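Taken together, the values in this text are just the output of simple stated rules run on the coordinates, not laboratory data. Model, not experiment: these values are computed from the prediction. Using ideal geometry, Cβ is built from the backbone for each residue, glycine included, and neighbour counts are taken over all protein chains shown.
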């Protein structure tokens, strides 16, 4: 399925990929309201009921409640502006299955999200990858900040309370979208997915227009503020095997045209695979995820209890059996 924000679905100001300037402003917004730096918002999936789903597709689109639904993956900021939307996957898929097909994952593994990154500091540690708040089903990626499953220490429970509370931003965004546009709540009486996607896109564009109306106008800022800070990214060459190819020039020139085309396609494919492997290794680093999580924990804990607080302190008044 295509993303709602692919090139042929751009709609000017109100539906666009996040840029460097946008990332600076959104990160500043969350730094002010969430209390930590580096956050781009919250990511989650909602399901839209499909009343006229073709019978041949119902087994694919029916989820737990045995009714056909269509998944909408979205990411929004604190102002509920939707920066990412991916619609059209069957409702039988869970959040991870939708995420594996998401164009946001494609952007992360092809170096496009890295263009908006900049350095930020949490609890004295420097990070360079902006992140989203997600729920527990998502994997431990360096760009995701999850909650703690079974918090026992006070620092873990306070962090879990903060993360789960701030992550409700996307739930609030879905709720507002449902209140504004009842097509997202009531069964959709259309047969063709392209028509449904166009309507959902229109709802999101209208939603962002309403968000802009109620947002205060930003003061004009210097363009120097949005300069991307340098970070180490390998400069891959499409023709990495050029030296080896030069040794075969004679045979290559005499080869049929279809053979030469296949060889060029293989070189480009090999280049793309190397790029994906590099960025996927960086993204799927669980240690980076835990490092970010621990830094946020300590940042919030020290702000609440002072810089000399004991992070391993147990709360004697806490009784897990009483919950």
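The range 175-217 and the range 24-83 have Cα centres spaced 12 Å apart. FRET efficiency for the residue 67 to residue 277 pair, using the beta carbon distance and R₀ = 45 Å, is estimated at 0.65.
Measuring r between the beta carbons of residue 21 and residue 302 and using R0 = 22 Å, the FRET efficiency lands at 0.10.
Taken along the Cα-to-beta-carbon direction at a fixed 7 Å, the label points for residue 101 and residue 182 span 2.9 nm. If the segment from residue 199 to residue 309 were pulled out straight at 0.36 nm per residue, it would be longer than the present Cα-Cα gap by 34.4 nm. Would any residue of the range 167-197 have its amide N under 16 Å from a label point 7 Å out along Cα→Cβ of residue 57? List them or say none. What the label zone holds, given the 16 Å backbone N cut-off, is 187-197. Modelled spin labels at residue 291 and residue 128, positioned 7 Å past Cα toward Cβ, are 1.1 nm from each other.
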